[in-house]
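Down below is the structure, laid out as structure tokens.
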Amino acid sequence: MKKLKSENGAIAILVLISLVFLTTFLISSYVIMSNKMQSQRKVISDTKDIYENYDLNQMYESYFDKSRDGLPDNVEQLEYIESTGTQYIDTGVFPSNNLKINIKACYTAERTAENLGVNSYGLYFLGSDNGNSAGVNVSWDSSNKTQGYRGVFGSQILSTSIAPQINVPVTITLQNNKIYVNGQQKGSGNTQDVSKYSKSSIYLFCTHRGGEVKQKTSMRLYELQMYNGDTLIRDFIPILDENDVAYLYDKVEKKFYYNSGTGTFNYKKKASQNMQLTKVNYIESTGTQYIDTGVLPSNNLKINIKACYTNSNSLYMLGSDNAYNAGVNICWDSNNKTQGYRGIFGTPIMGTGVIPQINVPVTITLQNNKIYVDGQQKGSGSPQDVSKYSKSSIYVFCTHRGGKAQYNTSMRLYELQMYDGDTLIRDFVPVIDGSNIACLYDRVEKKCYYNAGTGTFSYGE
């Protein structure tokens with residue numbers, strides 16, 4: 001009997017403990033579920049508020065950019081539009097002291113007295129001025145071509161002494177009585193009240209003078225930005241509409257700017273962004289090919305090239321120089337082969353004493369009047385004003401001398417980097433495009449550079 005009572009007591013205690021655990025579990029579950037439901041109700045409420053007050057069109061646009069970076073659906077961005085001397089565009093922007101202009105363009109032909117006319121004095125990218133070279137403009141004084149590109153900002157002529165290269169684009173910036181060519185200041189003047197000299201809107205492909213269109217120009221326009229101080233007020237890009245008509249689109253105003261002259265703009269389409277490019281080991285010239293890098297000599301320039309000659313009659317890997325061994329170049333003096341690779345950075349000839357090995361690639365660096373071969377300094381010279389000796393863009397597979405490609409070379413190019421100080425401005429790698437054409441691809445500009453000579457580049461897989 002006593003044993004039975006003991007067993008019953010144990011059972012009672014066990015049941016009691018089980019009830020306590022069950023009660024605790026139920027209470028805990030209820031608390032958890034209650035908190036969860038409360039959290040869900042808050043999420044539902046917040047979500048409801050968001051979607052009731054949210055513009056669904058805005059939501060769609062945030063996920064799918066139909067504008068293609070501000071470009072309307074029914075147009076195609078072009079590489080450039082080209083005037084033939086009868087077209088022009090009114091930008092609607094007036095001269096002011098706060099104005100900044102940045103234009104990328106090139107002339108397509110040299111103009112002479114015969115086709116300029118008796119009373120024409122220059123070739124104008126753009127302008128608004130009076131008859132006394134006062135106002136705002138960017139031009140080329142064809143009557144004194146040594147002045148090269150020049151600007152007017154007020155009443156002073158800002159000369160650059162950089163002669164235009166036909167069909168070679170250049171970026172010119174005009175601001176605060178200063179003019180820059182490809183980012184380098186080349187001329188300056190005294191501060192002026194710009195609006196005093198011209199009160200007409202700025203025309204493009206000519207100048208706006210006395211309410212009339214003057215000095216219409218044959219040129220290509222790649223892009224144009226105009227600022228009021230730090231505020232961008234025009235961002236023009238060349239476009240083609242669904243009717244194959246070329247004109248400009250301003251991404252700031254989201255507005256089309258059409259030709260106000262006669263005729264139509266020519267144009268070039270951009271290379272397909274989806275073009276299939278295949279990297280190759282090198283591209284090889286046979287002595288007739290070359291590429292224009294678009295980079296001008298400067299004291300801040302640094303060049304790093306990996307290449308090799310394919311025969312012993314080769315000369316220039318790259319260069320921009322005059323006829324007196326002055327400018328910038330990397331070559332092999334075949335008349336004195338004991339010098340081996342040599343470089344020019346200004347006027348000193350910097351020999352290395354390293355003799356090229358045919359078909360054996362080498363890395364050469366040219367910087368600050370020093371030349372390096374495979375990372376080791378091999379020559380040096382005294383500091384020079386490099387731009388003084390050559391004002392032409394640097395060519396690869398030859399040198400650029402007197403406006404022409406000279407001393408074309410048989411060589412293989414594996415890679416080429418070019419710097420402005422510490423800033424990488426060209427990073428060329430050899431590729432073949434979707435048409436199996438060998439060329440150089442610049443990873444900085446995301447652009448292909450093609451042969452400007454004759455024949456074709458071969459390539460190594």
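We did not get these values from a lab; they are worked out from the coordinates using the rules stated. This one's a predicted model, so the numbers in the text were calculated from it and none came from an experiment. Backbone-built Cβ (ideal geometry, glycine too); neighbour counts: all protein chains shown.
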Legend entry - Highest average packing first - 89-95, 308-314, Cβ atoms within 10 Å: 89-95, 308-314
Inset, instruction - Starting from the Cα gyration tensor of region 349-393, multiply each eigenvalue by 5, take the square root, and state the resulting semi-axes largest first in whole Å. - result: 23, 13, 9
Inset, instruction - Using only the Cα atoms of region 278-329, build the gyration tensor, take square roots of its eigenvalues as a ≥ b ≥ c, and label the shape rounded, prolate or oblate: rounded if a/c is under 1.5, else prolate if a/b is larger than b/c, else oblate. - result: oblate
Inset, instruction - Enumerate the calculated ³J(HN,Hα) couplings along region 378-393 in order (Karplus 6.51 cos²θ - 1.76 cosθ + 1.60, θ = phi - 60°), each rounded to whole Hz, writing x wherever the residue is Gly or Pro. - result: 10, x, 7, x, 7, x, 9, 8, 4, 5, 5, 9, 8, 10, 9, 5
Legend entry - Relative contact order (percent, whole number), region 321-461, Cα cutoff 8 Å, 6+ residue spacing: 14 percent
Legend entry - Which of 428, 397 has the fewest Cβ neighbours within 10 Å, and the rest in rising order: 428, 397
Inset, instruction - For region 76-269, report the translational diffusion coefficient in µm²/s to the nearest whole number, using Stokes-Einstein at 20 °C, 1.002 mPa s, and a Kirkwood Rh over Cα pairs. - result: 131 µm²/s
Legend entry - Other-chain or far-sequence residues with amide H under 5 Å of residue 447's (modelled H): 442
